[in-house]
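Novice: Shown below is the structure under consideration.
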Amino acid sequence: MRMVWVFFKLRMLQLRYDKAALFFSYVFPVVLLLGIGYPLEMAGDHKIKVSYLEAEIAPSGQSVVDALAKQDLVHVAAFVGERAEAETALKNNEIQHLLKAAAPAGGGPASVTVESNSLEENRIGAIALASIVRDGASDPAAVQVRLQNVEVSRRSSYLATLLPGVIAMTLLIIGLSGFGSILIGEESLGLFKQLKTVDVSPTPFFAGLFLSRLLVAYSVVAGMLAVCVFGLGVSPDINYPLLLLVVTLGTATYLGIGLIVFLFSRTVMAFSGIVGVIQIPMMLLGGLFFSIKMFPKWLQPIAEHSPLAPFTTALRELMFGGVGFQNVSVLYPALITLSIWMVVILLLARWRFRW
């Protein structure tokens, strides 16, 4: 029993000085829980979410907004942007209901318009919202409520979030596991020392592995896209040259991340630990399975400029937004962000690498 106690104390002392183990045991699970739980908690809020443009709320219509804000089943928020941006958000299901309250004409009843997109759940919510507006008025007969449906775009489908997210996640895994983990495994076996002794340049060695993984990425994207086109009804009307460009930029970036992790890892265990630290936060910030608009306002700019978010945004615009050469400027922010990430990562890898 005494020996058990001795070894127990030795293991606890060992754990005390193992900062990585303490981090993965106590800190990382909490970060992961908050990262996943917060968006899901926000998604579980079943209040009727109503947006409005302050310029379209007459002074007399402010009482309607105030009355809705007091309702337990309604969440009212001002939309930040212009009318055209609000209409686009409504079509893309980023907002579900858009409220407009006009001043009464000649002392007549107030005119309230509720614009809702044509998704079934939102049309039901619009009917409930109209009833709440009437019931909340001091004189229900003095309020006219008009419902107006807006056709949703292809981007309103959850598949528009899921498909780019799955593609981005797969390419990130290819970069980390199919590129970085192979390098760390080969180094641990002494392959690099053997290549160095025969004076082999690292350029063709890395280029061959890089090109092979790039080909794998192309085939993976083509396969998933084919499944969605033939099995899930996704339109094949996509600008494929732009899609190829976006996939190439994204894949090169994620392969570069795998290379960076390898260069900063001394052992296989260290590589696995670093991958665990960066992979999940990158997926969460990248908006792979839910919109980054669900994050707090202060976190959204950080998420938008993370390595995954611009890639998923560009894929979503190409596959579901109908973006082509005629309106390619829509992709400029995502392409610029991805290009900056790729250049910075490759320069860092070049500076860090030692054969």
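Novice: Using a Förster distance of 45 angstrom, determine the FRET efficiency expected from the C-beta separation of ILE302 and ARG134, and round it to 0.05.
Specialist: The value I calculate is 0.60.
Novice: Just to verify a number: FRET efficiency for GLU82 and ILE280, C-beta to C-beta distance, R0 = 41 Å, to 0.05?
Specialist: 0.65
Novice: What is the gain in length, in nm to one decimal, between ALA55 and ASP237 on full extension, counting 0.36 nm per residue of separation less the C-alpha to C-alpha distance? Before the final figure, lay out each step's value.
Specialist: Details: separation 182, 0.36 × 182 = 65.52 nm, distance 3.76 nm.
The ALA55-ASP237 span can extend by a further 61.8 nm.
Novice: Something else: In nm, to one decimal, how far is the ALA102 label point from the TRP351 one, both placed 7 Å along Cα→Cβ?
Specialist: In this crude spin-label approximation the distance works out to 6.0 nm.
Novice: Now a separate question. Given a Förster distance of 45 Å, report the FRET efficiency between ALA270 and ILE340 from their Cβ-Cβ distance, rounded to the nearest 0.05.
Specialist: Efficiency, rounded to the nearest 0.05: 0.95.
Novice: Are any of the pairs LYS47/LYS100; LYS100/LYS293; LYS70/LYS91 more than 21 Å apart by Cα-Cα distance, and if so, which?
Specialist: LYS100/LYS293; LYS70/LYS91
Novice: Kirkwood-based Rg over Rh for the range 252-355 (C-alpha set), two decimals?
Specialist: Rg divided by Rh gives 1.03.
Novice: Exposure proxy check: SER63, SER116 ranked by fewest other beta carbons within 10 Å?
Specialist: So the residues, fewest neighbours to most, are SER63, SER116.
Novice: What list do you get for PHE289, PHE311 if you sort them by fewest beta carbons within 10 Å?
Specialist: Ordered by Cβ neighbours within 10 Å, fewest first: PHE289, PHE311.
Novice: Along the Cα→Cβ direction, 7 angstrom out, place labels at SER212 and ALA226. What is the inter-label distance in nm?
Specialist: Placing both labels 7 Å beyond Cα along the Cβ direction yields 2.2 nm.
Novice: Then there is this: Just need the relative contact order of the range 156-352 here, percent rounded to a whole number, with Cα pairs under 8 Å and 6+ apart.
Specialist: On the way: 200 pairs, mean separation 64.7, N = 197.
That works out to 33 percent.
Every read-out reported here was derived from the displayed coordinates using simple, explicitly stated rules and does not represent laboratory data. Please read all numbers here as calculations on a predicted model, not as lab measurements. Please note: Cβ atoms are built from the backbone with ideal geometry, for glycine as well, and neighbour counts cover all protein chains shown.
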